[in-house]
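Nothing in this text is a laboratory measurement; each read-out follows from the coordinates by a stated rule. Treat the numbers as computed from the prediction; the structure is a model and nothing was measured. Positions of Cβ are generated from backbone atoms using ideal geometry, with glycine treated the same way; all protein chains shown enter the neighbour counts.
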Amino acid sequence: MTALPVGIWQPVRLTIELAAITTVILLIIGTPIAWWLARSKARWKEAVATLVAMPLVLPPTVLGFYLLLLLGPSGPGGALAGLWGARTLAFTFEGLVIGSVVYSIPFVVQPIRNAFVAMGERPMEAAATLRASPRRAFWTVAAPLARPGFLTGAVLGFAHTVGEFGVVLMIGGNIPGETKVLSVAIYDFVETSQWYEASILAAGMVVFAFVVILAMMLIEKRVARVGL
Amino acid sequence: MTEASAKSITAAFRGMLGKFALDASFSVPATGVTGLFGPSGCGKTTVLRCIAGLQRLDGFCAIDGDVWQDGDAFRPPHVRPIGYVFQEASLFPHLSVRRNLLYGAPRGKEPTQSDAIAFDEVLDLLGLTSLVERAPQNLSGGERQRVAIGRALLSQPKLLLMDEPLSALDRLTKDEILPFLERLHERMSLPVIYVTHDMSEIERLADHLVLMRAGSVIGAGPLSALPAYGILTVRVDGGRLLAPSTQARPGERRRLRIAASDVSLASTPPQGSTILNVLPARIVSHTASGPHEITVVLTLGHDHAGQRLLARITRRSWEQLGFADGAPVYAQVKGVSLARK
């Protein structure tokens, strides 16, 4: 067996890093959004839900275009980057993280919201009648009951970020070790006729996708059985 | 304006609920069991939820002189010293029975004899000792509801609110739980508000009654004063009957009149019936009264000592349901009237 060609591991590592950081950020900001969407009676709730779901429908290039304006030197991202002496957030790893968070948000918020909705009001009401403050009730009742939703959201958010291409191309470019993630690397290998390298990465992605979807199905099956 | 007095439960709520207006107020002593009775959809569950603070309508609510809601002041449910038993047990499925029971207990620990309601006492009272290490999923409906009652008690409430705790259960399970509730009532001094649309539960458990209809309270008072609302509880040998009347005093001996044609029989306890009076009975004898009808002599209760009652049923029912002399049956009494003095 021949050794794996060089230049393959760096994009893989970078992609995993990006997806992991994105997933953690999305769980942190997605949970309160999902909670609010599941429980609020505000009339403009669905408008917010729509906004969150937009990345599902928008072409990644459109998303990428606006992100580029936002992150570029003349947008708020540029101003933010100025804080540490950089000129722009575009074409940086940090910029990619922000882009990925926007791009993958529906995949994390939706399953968590569904889990909160499926749970109903009753467990929180029962907790409240047992002297649990809303905060305690959330951590001891709502969060454990919504665990399958968190799991699904995390897996989907991670996987979707790994598969990101259009947005990366628009705001990330192709800087090795900084923004050259898997999907871009495959594209790059094909462009330069490095078919062997491209096929290894592509096959890896196929296996990855299979494992992810299988994992999702197993989670759902377990949930159905335990009845949480 | 309503005022809060010590040793009483005062509640007054007003608001729109979907299409109907709720405007209910009552004051009952903060002792014993108060039945909140009325037909389905009359707003009694809403009133209970408002007392718990789970729902907010305009109004006033005070228990034992402690004001929970008045004008803009509204104490959220988790700082009201209540226990709440929902229609469905609503146990936390991710926690064991023990951790469910202790969820609301002070400091999350087993309350000891120094607490008002001790852990062992509750296990014993509700027959939960063998269940504590199980998961809620592995309990029967009746067991779950008993755990839910125990969980509410162990949060050391000053007021126990029960929202039709038996209505989601079948007749057999109900009969299994009612004795526990009666024991609870006997052994604990905790005031209870018990919502139900089942008069037989009121009869067995309640000391006071609040009668609701279409969003308003149409009467409140001790159970013995029920005639004021047009329903009378009459004790007969072998059971109790409800009769519509305003012409009687508690303790008075009266003659009841029940037409044989107003009595029907069932081999199993009837479910979801609008008939208030369903009594277990035993067939003593039967005689044919005409080619198609049979007159049955019953004795109320399952021993043979109860009051005699006549029922007229069709021969067809007699044969189809396989009745025989000596068989236990359920007598449904459609009409009861008090004989004039």
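The table below lists the values:
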{"read-out": "Amide H contacts under 5 Å for B:Gly306, placed H, 5+ residues apart", "value": "B:Leu300"}
{"read-out": "Angle between chain A longest axis and helix A:45-57 axis [Cα atoms, degrees, rounded to 10]", "value": "30 degrees"}
{"read-out": "Restricting segment B:77-159 to trypsin sites (Lys or Arg not before Pro) in coil, as DSSP defines it, with at most 10 other Cβ within 10 Å", "value": "B:Lys109"}
{"read-out": "Long-range amide H partners of B:Leu256 with built H, under 5 Å", "value": "B:Ala339"}
{"read-out": "Kirkwood-based Rg to Rh ratio, chain A, C-alpha trace", "value": "1.04"}
{"read-out": "For chain B, built as a Gaussian network whose Cα springs stay under 10 Å, the top-fluctuating residue of B:Pro111, B:Pro93, B:Pro157", "value": "B:Pro93"}
{"read-out": "About the Cα centre, charge dipole magnitude for the protein assembly as shown (Lys/Arg +1, Asp/Glu -1 at Cβ), debye", "value": "1500 debye"}
{"read-out": "Over the protein assembly as shown: Kirkwood hydrodynamic radius from C-alpha pairwise inverse distances, Å", "value": "28.9 Å"}
{"read-out": "Shielding of B:72-84 by partner chains, average beta-carbon count, 10 Å", "value": "3"}
{"read-out": "Helix A:195-226 axis, angle to chain A major axis (alpha carbon atoms, nearest 10°)", "value": "10 degrees"}
{"read-out": "Share antiparallel - DSSP beta bridges, the protein assembly as shown, percent rounded to 5", "value": "75 percent"}
{"read-out": "Spherically averaged projected area in nm², based on the convex hull that wraps the Cα atoms of chain B", "value": "20.5 nm²"}
{"read-out": "Rule-of-thumb Rg ratio for segment B:63-149 [Cα; 2.2 N^0.38 Å; N residues]", "value": "1.25"}
{"read-out": "For peptides B:37-48, A:203-214, sequence by mean Cβ density within 10 Å, most packed first", "value": "B:37-48, A:203-214"}
